[in-house]
1. So which residues in the stretch 45-92 are out of contact with any helix residue (DSSP H, G or I) (no Cβ under 6 Å at 6 or more places or on another chain), closer than 22 Å to Arg140 by Cα and among the small types (Gly, Ala, Ser), if there are any at all?
2. Please go through (1) in a strand (DSSP E or B); (2) open to solvent by 10 Å² or more (accessible area, probe 1.4 Å) for Gly167 and return the number of the only condition it doesn't satisfy.
3. If we keep just the residues of the stretch 65-109 that are farther than 17 Å from Ile120 by Cα and acidic (Asp, Glu), which is nearest to the ligand (Cβ to nearest atom)?
4. I'd like the full set of residues that are within 14 Å of the ligand (Cβ to nearest atom), surrounded by fewer than 19 Cβ atoms within 10 Å (Cβ to Cβ) and of a type outside the set (S, T, N, Q), limited to the stretch 126-156.
5. Anything in the stretch 13-59 that is of a type in the set (D, E, K, R) and either open to solvent by 50 Å² or more (accessible area, probe 1.4 Å) or near the ligand (Cβ under 8 Å from one of its atoms) (or both)? List them, or say none.
6. Out of all the residues in the stretch 5-15, which are modelled with pLDDT of 90 or more and small (Gly, Ala, Ser)?
7. Sort out which residues of the stretch 152-164 are outside any helix (DSSP H, G or I) and more than 17 Å from Thr194 (Cα to Cα), and write them in order of number.
Amino acid sequence: MTTTTGTRRGDPWNGALGRHWAAHDQRFDAMLGDIDDALFAAADIGPGDRVLDIGCGAGATTRTAARLAAPGHAVGVDISGPLVERARARTAEEGVGNAAYELGDAQTHRFPPGGYDVAISRGGVMFFDDHVTAFANVARALRRGGRLVFVCPRAPGPQSEESTALGLFARRLAEDAPDGAQAEADPDARAAHTAMASLAEPYQVHAALHRTYERIAVNPVDVHTRWGDSPADAVDFLLSRTPRRQVSAATRAALEDTLRPYATARGVRTRAGVWLVTAVRRDDARV
Ligand SMILES: C[S@@+](CC[C@H](N)C(=O)[O-])C[C@H]1O[C@@H](n2cnc3c(N)ncnc32)[C@H](O)[C@@H]1O
């Protein structure tokens, strides 16, 4: 269902999931911050650029883009009311005058045609209902020759510490359920988790982009995701996703143990794999 602002009702990002991201935006930024070096090196944003940040969340990358683009500007678009509100508040706090936000579904949002030089996204492009339509809509927003640069999760291999650690964490938590039931999870959050993998294979990226982009490159990058200052702090954060869930002291200790192998001087960090995708809007794209 689409509202007049272009956001879908019942969207997980306008429910508990979006509110959780908005309440913990700096945590999530620390979690994903390791991606920024690769994203911004590839995006090569320079003074005067007009940047579109797709699925910008609380806008950390929009603000970085805006600083790089000055005297140009950056616009973040996101489907989540709570996150756009948080992005605007953070931008005012940080005094970034050339970053702005629009609430909308990037798949259908009416962007100014050819209004941007580069579109970026840090993990905001996996959730579309129809990737081909969505990336064509973004292509319409790009000028001829405009660049698309995004990062999305790779299918976790055996080397993925993140998937190993979070899998073990979930199993320990499920064992604590009094009736042996699985830990309750917001169904919307589960849907978003499934969507996270929608571009996990390069063929999926190519299928989504090839009609409206050329020079498509899909390169693996290894990053570290950061979950907290210490195992106890990381457990607090991970349990905050299910606030009604009570866990025993013994389970909490077992949960901390699952994360202890990843405790470093720079916090609890797990190795994870992402794709860095770069492409250029096709001149002959029928956008
Ligand atoms: C994993 S979060 C990443 C947020 C942000 N890019 C960051 O790095 O902190 C995914 C974001 O995509 C947004 N999103 C999901 N579907 C969207 C859509 N169809 N149009 C615009 N934004 C969308 C969500 O609201 C959420 O903010």
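The values are calculated or read from the model by the stated rules, or taken from the named source; none is laboratory data. All values derive from a computational prediction rather than experimental measurement. For neighbour counting, all protein chains shown are included, and Cβ atoms are generated from backbone atoms with ideal geometry for every residue, glycine included. Each accessible area value is taken on the protein alone, full model and side chains, heavy atoms only, with ligands, DNA and RNA left out. Shrake-Rupley method; radii C 1.70, N 1.55, O 1.52, S 1.80 Å.
1. Gly46, Gly48, Gly55, Ala65, Ala66, Ala69, Gly72
2. Just one mismatch for Gly167, condition (1).
3. Glu85
4. At the first step, the residues of the stretch 126-156 found to be within 14 Å of the ligand (Cβ to nearest atom) are 126-138, 141, 149-153.
Applying the additional criterion that residues be surrounded by fewer than 19 Cβ atoms within 10 Å (Cβ to Cβ) yields 129-130, 132-133.
Within the stretch 126-156, Asp129, Asp130, Val132 meet the criteria.
5. To start, the set of residues in the stretch 13-59 that are of a type in the set (D, E, K, R) comprises 19, 25, 27, 29, 34, 36-37, 44, 49-50, 53.
The answer is Arg19, Asp25, Arg27, Asp29, Asp34, Asp37, Asp44, Arg50, Asp53.
6. Let us first name the residues in the stretch 5-15 that are modelled with pLDDT of 90 or more, namely 13-15.
Within the stretch 5-15, just Gly15 meets the criteria.
7. In the first step, residues of the stretch 152-164 are kept if they are outside any helix (DSSP H, G or I); the result is 152-160.
Correct list: Pro158, Gln159, Ser160.
Results for (1) among the β-branched types (Val, Ile, Thr); (2) assigned to a strand (DSSP E or B), shown as yes or no for each residue.
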| site | (1), (2) |
| --- | --- |
| Val223 | yes, yes |
| Ala232 | no, no |
| Phe237 | no, no |
| Arg245 | no, no |
| Leu255 | no, no |
| Pro261 | no, no |
| Arg271 | no, yes |
| Leu276 | no, yes |
